[in-house]
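Asks: Got a structure for you, written out below as structure tokens; questions coming shortly.
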Amino acid sequence: MDDSLLHIDNYNDDFLIITSDEHLVLRALGLSIFEQNFEFVNEVIVTEAEICLQLNSKFHADHLAEIKALKVESGSDRTRYKLPVYFDDGEDWTFVESFSGLTKAQVIKELVTSELNISMFGFLPGFMYLSGLKKAIQIPRKSVPSKYVKSNSIALGGKYLGLYAIDSPGGWHVIGKTPISILDITGLPPVPMNLEDQVQIVEISKLEFEKIKAEKMTLGEYNRDL
Amino acid sequence: MKGSLEILKPGLMTSIQGVGRKGLAYYAIPPSGAMDENAAQVALLLLGKNEEDPVLEFTSLAPEIKFHESTQIVITGADFNWKINNQSISLNTVMSVHNGDVLKGSFAKKGLRGYLAIKGKLDIGRVYHSYSTYANAKLGGFHGRFLKKGDVLYWSDDELDMDQVVPFYQGPEYAFLSDTAKDLLVSTVYKISPDTNRMGMRLVGERLESTSYQLENSVPVLPGFIQLPPNGQPIILLQDGQTTGGYPRIAYIKPAFLSKLNQFPLGSTIQLKKI
């Protein structure tokens with residue numbers, strides 16, 4: 001890995017934050033570091049703009065060179081998925097409409113015509129950060145996070161569309177739900193998609209939602225049937 | 001608060017020990033320290049004490065000890081048939097003793113050595129970084145020797161337990177805080193909100209000013225990180241917390257401190273201290 005591309009900050013040997021002007025290299029580097037399983041690293045967290053490595057007592061300064069010397073694989077093939085969403089009448093729509101100045105129908109139109117891709121996993125198991133939202137529907141996060149967001153909710157947060165795979169607290173604005181459960185925590189990785197896969201949101205009716213949910217359809221099955 | 005214990009009968013080879021003094025064999029000084037490290041550690045752990053703190057070590061025959069103030073004790077190691085005020089007590093259990101209580105025992109069964117740890121901080125100094133006694137060279141422990149009849153050991157209560165002070169380090173977005181906010185962070189007496197759970201500890205106090213309450217990108221977070229959401233009230237991320245987040249990471253607490261932090265009751269107060 002080209003030394004000049006990376007910037008590493010060391011926080012008291014407790015953790016490292018790795019950044020780069022080339023965001024895309026961080027994803028590949030993060031995967032390399034994770035697969036390397038360094039004995040001086042406890043956790044590897046990869047986000048769009050940073051990699052964080054939690055260090056343990058085995059770490060010393062010489063190890064920084066080992067990280068910089070890692071060979072990094074370039075990106076793999078991307079897949080396109082359609083994700084069905086029923087846009088129900090949740091309480092967050094009030095803020096979304098007033099902030100964007102658009103009606104619910106207009107917001108949905110902007111969303112289904114946005115070209116989205118998976119830019120990060122993180123936050124919680126199965127949670128997906130989708131980038132590519134049109135500027136008009138980029139809504140800032142809540143100032144006080146909600147204590148409860150139901151699993152399989154779709155929400156707007158800053159420049160991302162998020163999918164909450166499990167129940168959790170959340171600071172994003174919930175605008176709909178998907179009948180497909182993508183999380184299978186009994187296996188690793190726990191979701192069947194990769195970084196940079198492309199996602200298109202498809203609007204469905206309440207009836208279609210109930211039908212797909214009742215059939216316990218998987219993402220693969222839904223996309224095969226189209 | 002200060003307290004003391006008095007040796008009424010010394011037993012056989014009773015001494016103050018701790019973890020040994022390491023690295024001095026070059027000078028022909030042996031490590032000394034507790035002969036059964038595991039038993040000594042169990043006693044300290046049960047009282048939530050530091051693993052380097054001193055304990056009393058007994059050999060073969062138990063001493064008789066009178067307590068002149070209340071404290072909590074744990075006895076581990078071999079079974080010396082211990083009694084407090086002539087009532088049998090258990091090993092490996094935290095128990096309270098009070099002013100006037102007498103602890104005694106007889107010969108060791110199923111083993112040779114036992115350990116007594118007390119909750120209070122014993123008034124013993126370190127010699128070459130260790131509390132352990134090396135009697136041959138009159139080094140360390142209680143005046144460098146085994147305990148005798150009439151010896152009195154003093155202790156004081158750990159003041160740090162009284163105030164809940166939480167040491168923290170600057171986080172990646174510490175610079176976002178205004179100077180006033182940096183001062184407030186260490187001077188505010190924060191209340192631990194009842195909304196606290198395994199994901200995070202929410203603190204309630206005066207709102208902290210920051211150049212931003214929302215990062216452009218979601219960034220990694222770990223247990224112990226302190227986030228600043230738009231309401232300006234810090235959240236300390238805990239062991240079930242999320243792995244990424246969009247709020248500024250103004251500070252962080254070392255993972256080793258979380259054991260202590262996570263025992264602070266809801267509704268109690270804490271103060272943050274910058275390292």
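Asks: If you rank B:S4, B:S130, B:S106, A:S57 by fewest surrounding Cβ atoms within 10 Å, what's the result? All intermediate terms of the calculation are to be shown ahead of the outcome.
Replies: Values: B:S4 16, B:S130 23, B:S106 13, A:S57 7.
Ordered by Cβ neighbours within 10 Å, fewest first: A:S57, B:S106, B:S4, B:S130.
Asks: Which value, to two decimals, describes the C-alpha radius of gyration of segment A:1-66 once divided by 2.2 N^0.38 Å?
Replies: Numbers: Rg = 10.9 Å, N = 66, 2.2 N^0.38 = 10.8 Å.
For segment A:1-66, the normalised Cα radius of gyration comes out at 1.01.
Asks: Let me ask you something else. Calculate the all-directions average of the projected area of segment A:80-224's alpha-carbon convex hull, and give it in nm².
Replies: Mean projected area for segment A:80-224: 8.1 nm², to one decimal.
Asks: Sticking with this structure for a sec: Enumerate the lysines that A:K213 could reach by cross-link, defined here as Cα to Cα under 28 Å, with residues fewer than 8 away along the same chain left out.
Replies: A:K82, A:K104, A:K109, A:K147, A:K150, A:K177
Asks: Of all DSSP beta bridges in chain B, what percent run antiparallel (nearest 5)? Write down the numbers at each step before the final one.
Replies: Working: 54 of 58 bridges.
Looking only at bridges with both residues in chain B, the antiparallel portion is about 95 percent.
Asks: For every other residue with a beta carbon closer than 12 angstrom to the beta carbon of B:P230, add +1 if it is Lys or Arg and -1 if Asp or Glu, then tell me the sum. Can you show the working numbers first?
Replies: Numbers: positive: A:R141, A:K142, B:R207; negative: B:E209.
It works out to a net charge of +2.
Asks: Can you tell me the dipole magnitude for the protein assembly as shown around its Cα centre, using point charges on the Cβ only (Lys, Arg +1; Asp, Glu -1), in Debye to the nearest 20? Don't skip to the answer; put the middle values down first.
Replies: Working: 50 positive and 59 negative charges, 343 e Å.
Approximately 1640 debye in magnitude.
Asks: Of B:Q41, B:Q227, B:Q263, which has the largest mean-square fluctuation in a 10 Å C-alpha GNM of chain B?
Replies: B:Q263
Asks: Shifting gears a bit: Kindly rank A:21-30, A:149-158 from highest to lowest mean number of other beta carbons found within 10 Å of each residue. Display every interim value, and only then the final one.
Replies: Details: A:21-30: 16.8, A:149-158: 21.0.
Order by mean packing, descending: A:149-158, A:21-30.
Asks: If Lys and Arg each add +1 and Asp and Glu each add -1, what is the summed charge of the other residues whose beta carbon sits under 14 Å from the beta carbon of B:V204? Please list the in-between numbers first.
Replies: Values: positive: B:K191, B:R202, B:R207; negative: B:D195, B:E206.
Its environment carries a net charge of +1.
Asks: Of the candidates B:I29, B:I226, B:I65, which one comes out as most mobile in a Gaussian network treatment of chain B with C-alpha springs shorter than 10 Å?
Replies: Highest fluctuation of the listed residues: B:I29.
Asks: For B:T269, A:T94, what's the fewest-to-most ordering of other Cβ within 10 Å of each Cβ?
Replies: Numbers: B:T269 16, A:T94 11.
With the fewest neighbours first, B:T269, A:T94 line up as A:T94, B:T269.
Asks: Here's something else I'd like to know. Taking H as built 1.01 Å from N, whose amide H comes closer than 5 Å to the amide H of B:F80, not counting residues under 5 places away?
Replies: B:K109
Asks: While we're on this one: Kindly express, to the nearest 10 degrees and within the range 0 to 90, the angle between helix B:37-46's C-alpha long axis and the longest C-alpha principal axis of chain B.
Replies: 50
Asks: Okay, moving on. Rounded, prolate or oblate for segment A:137-214? Axes are the square roots of the Cα gyration tensor eigenvalues, ordered a ≥ b ≥ c, and the cut-off for rounded is a/c under 1.5. All intermediate terms of the calculation are to be shown ahead of the outcome.
Replies: Working: a/c = 1.44, a/b = 1.23, b/c = 1.17.
Rounded, because the longest to shortest axis ratio a/c is under 1.5.
Asks: For chain B, what is the calculated [θ] at 222 nm in deg cm²/dmol (nearest 500), taking -39500 (n - 2.57) for each run of four or more DSSP H residues and dividing by its residue count?
Replies: Numbers: 4 runs with 27 residues, N = 275.
So the calculated ellipticity at 222 nm is -2500 deg cm²/dmol.
Asks: Quick check: pseudo-label points 7 Å beyond the Cα along Cα→Cβ at A:H60 and A:F95, how many nm apart are they?
Replies: Distance between the two pseudo-spin positions: 5.0 nm.
Asks: Which residues among segment B:58-86 fall inside the zone where the amide N is under 14 Å from a point 7 Å beyond the Cα of B:K110, along Cα→Cβ?
Replies: It comes to B:76-82, nothing else.
Asks: Average projected area of the Cα convex hull of segment B:140-231, in nm²? It would help to have the intermediate numbers written out before the result.
Replies: Details: hull surface 42.4 nm².
Quarter of the Cα hull surface area: 10.6 nm².
Asks: Ok, one more. Just want the answer: with Cβ charges of +1 for Lys and Arg and -1 for Asp and Glu, which residue in B:L208, A:N10, B:S96 is farthest toward the dipole's positive end in the protein assembly as shown?
Replies: B:S96
Asks: When the label point is put 7 Å from the Cα of B:K148 along its Cα-to-beta-carbon vector, which residues of segment B:1-45 have a backbone N closer than 13 Å?
Replies: In segment B:1-45, the label zone of B:K148 (backbone N under 13 Å from the point 7 Å along Cα→Cβ) covers B:10.
Asks: Could you give the size of the charge dipole of chain B about its Cα centre, using +1 on the Cβ of each K and R and -1 on the Cβ of each D and E, expressed in debye and rounded to the nearest 20? Working shown, then result.
Replies: Numbers: 28 positive and 26 negative charges, 182 e Å.
Dipole magnitude for chain B comes out near 880 debye.
Asks: Label segment A:111-181 by shape, choosing from rounded, prolate and oblate, from the square roots a ≥ b ≥ c of the eigenvalues of the Cα gyration tensor; if a/c is under 1.5 it is rounded, and otherwise prolate applies when a/b is larger than b/c, oblate when it is not.
Replies: Details: a/c = 1.61, a/b = 1.23, b/c = 1.31.
Oblate, because a/c is 1.5 or more while a/b does not exceed b/c.
Asks: Let me ask something additional. From the Cα gyration tensor of segment B:90-206, with a ≥ b ≥ c the square roots of its eigenvalues, which class applies: rounded if a/c is under 1.5, or else prolate if a/b is larger than b/c, or else oblate? Show your work: numbers first, answer last.
Replies: Working: a/c = 3.04, a/b = 2.12, b/c = 1.43.
In terms of gyration-tensor shape, prolate.
Asks: I want to check a number: in segment B:16-113, how many lysine pairs have alpha carbons closer than 21 Å, given a sequence separation of 8 or more or different chains?
Replies: Details: B:K22/B:K49; B:K66/B:K83; B:K66/B:K104; B:K83/B:K104; B:K83/B:K109; B:K83/B:K110.
The result is 6.
Asks: Report the far tail of the P(r) of the protein assembly as shown, meaning the percent of Cα-Cα pairs longer than 36 Å.
Replies: Across the protein assembly as shown, Cα pairs with separations above 36 Å total 49 percent.
Asks: Next up: At 7 Å along Cα-to-Cβ for each site, give me the label-to-label distance between A:H23 and A:K216 in nm.
Replies: It works out to 3.8 nm between the two label points.
Asks: Given a Förster radius of 25 Å and the C-beta distance between B:L258 and B:M1 as r, what FRET efficiency does 1/(1 + (r/R0)^6) yield to the nearest 0.05? Could the numbers behind the result be given before it?
Replies: Numbers: r = 28 Å, r/R0 = 1.11.
For R0 = 25 Å, the calculated efficiency reads 0.35.
Asks: Go ahead and run the numbers for FRET between B:N50 and B:M95, Cβ-Cβ distance against an R0 of 22 Å, rounding to 0.05. Don't jump to the answer; show the numbers that get you there.
Replies: Values: r = 20 Å, r/R0 = 0.93.
Between B:N50 and B:M95 the formula returns 0.60.
Asks: Still on this structure, I have one more. Please report the antiparallel percentage of DSSP beta bridges with both residues in the protein assembly as shown, rounded to the nearest 5.
Replies: 90
Asks: Now for a separate question. Between B:V189 and A:K206, with labels modelled 7 Å along Cα→Cβ, what's the label distance in nm to one decimal, could you check?
Replies: 5.3
Asks: Full-extension gain between A:K135 and A:K147, please, as 0.36 nm times their residue separation minus the C-alpha to C-alpha distance. List each step's numbers first, then the result.
Replies: Numbers: separation 12, 0.36 × 12 = 4.32 nm, distance 2.71 nm.
Computed gain between A:K135 and A:K147 is 1.6 nm.
Asks: I would also like to ask the following. Report the FRET efficiency, 1/(1 + (r/R0)^6), for B:S268 and B:S70, where r is their Cβ-Cβ distance and R0 is 30 Å, rounded to 0.05.
Replies: Working: r = 23 Å, r/R0 = 0.75.
Using R0 = 30 Å, I get an efficiency of 0.85.
Asks: Let me ask something else about it. What does the charge add up to near B:L139, with Lys and Arg as +1, Asp and Glu as -1, over the other residues with Cβ less than 13 Å from its Cβ?
Replies: Details: positive: B:R21, B:R126, B:K138, B:R145; negative: none.
Overall, the nearby charge balance is +4.
Asks: Highest mean first, what order results for B:20-26, A:39-45 on Cβ atoms within 10 Å? The partial results should precede the final answer.
Replies: On the way: B:20-26: 13.6, A:39-45: 16.9.
By packing density, highest mean first, the sequence is A:39-45, B:20-26.
Asks: Further, regarding this structure: Count the DSSP beta bridges whose two residues both fall in chain A, then state the antiparallel fraction as a percent rounded to the nearest 5. Mind showing how you got there, number by number?
Replies: Details: 37 of 43 bridges.
If I count the DSSP bridges inside chain A, around 85 percent turn out antiparallel.
Asks: Let me ask something additional. What percentages, rounded to whole numbers, describe P(r) for chain B computed over all alpha carbon pairs with 10 Å bin width beginning at zero?
Replies: For chain B, the binned pair fractions read 7, 25, 23, 17, 17, 9, 2 percent.
Asks: Also: Taking amide H positions as placed in the peptide plane 1.01 Å from N, state which residues far from B:G200 in sequence (5 or more) or on other chains have amide H under 5 Å from it.
Replies: The answer is B:L238.
Asks: About the Cα centre, and with charges only on the beta carbon of Lys, Arg (+1) and Asp, Glu (-1), how big is the dipole of segment B:2-160? Nearest 20 debye, please.
Replies: Values: 18 positive and 16 negative charges, 105 e Å.
Rounded to the nearest 20 debye, it is 500 debye.
Rule-based calculations on the coordinates, nothing more; no lab input. Not measured: the values here are computed from a predicted model. Quick reminder, even Gly has a Cβ in these numbers, built from the backbone with ideal geometry, and neighbours come from all protein chains shown.
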